[in-house]
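The values are calculated or read from the model by the stated rules, or taken from the named source; none is laboratory data. It should be emphasised that the depicted structure is a prediction, and the values quoted were computed from it without experimental measurement. Glycine gets a Cβ as well: all are built from the backbone with ideal geometry, and neighbour counts include every protein chain shown.
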Amino acid sequence: MRDDPHTEKYAGTIPPEEQESSIVLFKNCTLPQLDSTFDLKQIRACSLLDEWLNKESEISEFERQILVTLREKLIVGADDWNEIELAYNFIGPVMSFVNYTGPKCNFFAERSFSGIVEGIEMRGKPDGMIASGVRVPETPYFCFQEYKKEKNPEGDPAAQVLAAMLVAQELNVHRHPVYGCYIKGRDWFFLILHEKEYAISEPYIATREDIFDIFRILKSLRQIVFTFIAEDTSHS
């Protein structure tokens, strides 16, 4: 499948001719395609997702003050910002404030990566990922996708991030669940992929008190990823 904005998007499985002759791009995927092609199942009750979303992580008074400031900027600008402005003014500062940089990992933005999933080559450039490696991403543990529009965005953000997570699962050799998030304007959705099952949270609305839950969840993710990297390093 060529990187063409006019490429037809299919509702069923990824067409066989695309599987055999070319690369499947994350941005052209849909949930029905991924479900059918890879025999995936979306589950509503997921202990792994619940554990992540409910994991405790302390938020200091200073962090709360920063989050309130960022929330106010989002309230004022959310309807007018484009995707880049949303990323620079809100998403980027929140992610940077969590601080995913460590001695063996980092947060990377718009880095291409690819992999083979059940014989199908998939490739894309997610808006962000947390991966092992400091200068360049090596093994991804978390992927996210951002969309400015809350209604009728171009493409399927859930499918795009799930496609990236499928490749990440192959790259980490199925050692750990893969974590994800997609953002549609004010709304943040969190995902877990484990083998053939995935779960998607209800939206967390960043212009409300949910901002503190979003930040807590992202801080918890930092602990989870650092633990995975330590385990993988000890086994290497």
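Somewhere in the stretch 168-175, is a residue surrounded by 24 or more Cβ atoms within 10 Å (Cβ to Cβ) and under 17 Å from Leu40 (Cα atoms)? Reasoning before the result, please.
So the first thing to find is which residues in the stretch 168-175 are surrounded by 24 or more Cβ atoms within 10 Å (Cβ to Cβ), and the list is 168.
Keeping just the survivors that are under 17 Å from Leu40 (Cα atoms) gives 168.
Yes, there is a match, as at least one residue in the stretch 168-175 is surrounded by 24 or more Cβ atoms within 10 Å (Cβ to Cβ) and under 17 Å from Leu40 (Cα atoms).
Farther than 21 Å from Phe190 by Cβ and either touching a Leu at 6+ places or on another chain (Cβ under 7 Å) or of a type outside the set (D, E, K, R) (or both): does that describe Ser60?
On the way: farther than 21 Å from Phe190 by Cβ: yes; either touching a Leu at 6+ places or on another chain (Cβ under 7 Å) or of a type outside the set (D, E, K, R) (or both): yes.
Yes.
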Show me the strands (runs of 3 or more DSSP E) found entirely inside the stretch 157-225 where at least 1 residues are in contact with a strand residue (DSSP E or B) (Cβ under 8 Å, 6 or more places away or on another chain), of a type in the set (Ser, Thr, Tyr) and modelled with pLDDT under 95. none
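Being surrounded by fewer than 19 Cβ atoms within 10 Å (Cβ to Cβ) and either part of a strand (DSSP E or B) or in contact (Cβ under 8 Å) with a residue 40 or more places away in the chain (or both) is the filter here, so list the residues in the stretch 109-122 that pass it. Outline the logic, then answer.
Going through the stretch 109-122, the residues surrounded by fewer than 19 Cβ atoms within 10 Å (Cβ to Cβ) turn out to be 109-112, 114-121.
Within the stretch 109-122, Ala109, Ser114, Gly115, Ile116, Val117, Glu118, Gly119, Ile120, Glu121 qualify.
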Go through (1) in contact with an Asp or Glu (Cβ under 7 Å, 6 or more places away or on another chain); (2) at pLDDT below 95 one by one and return the number of the condition Lys41 breaks. (2)
Tell me which of these Arg64 doesn't satisfy, since it passes every other one: (1) in contact (Cβ under 8 Å) with a residue 24 or more places away in the chain; (2) assigned to a strand (DSSP E or B); (3) of a type outside the set (Val, Ile, Thr); (4) closer than 21 Å to Asp213 by Cβ. (2)
Give me the pairs: first residue in the stretch 31-46 and farther than 17 Å from Val167 by Cβ, second residue assigned to a helix (DSSP H, G or I), beta-carbon distance under 9 Å, and six or more apart or on different chains, which are they? Pro32/Ala159; Lys41/Asp35; Gln42/Leu31; Gln42/Asp35; Ile43/Leu49
From the list Asp79, Asp35, which one is part of a loop (DSSP other than H, G, I, E, B) and charged (D, E, K, R)? Asp79
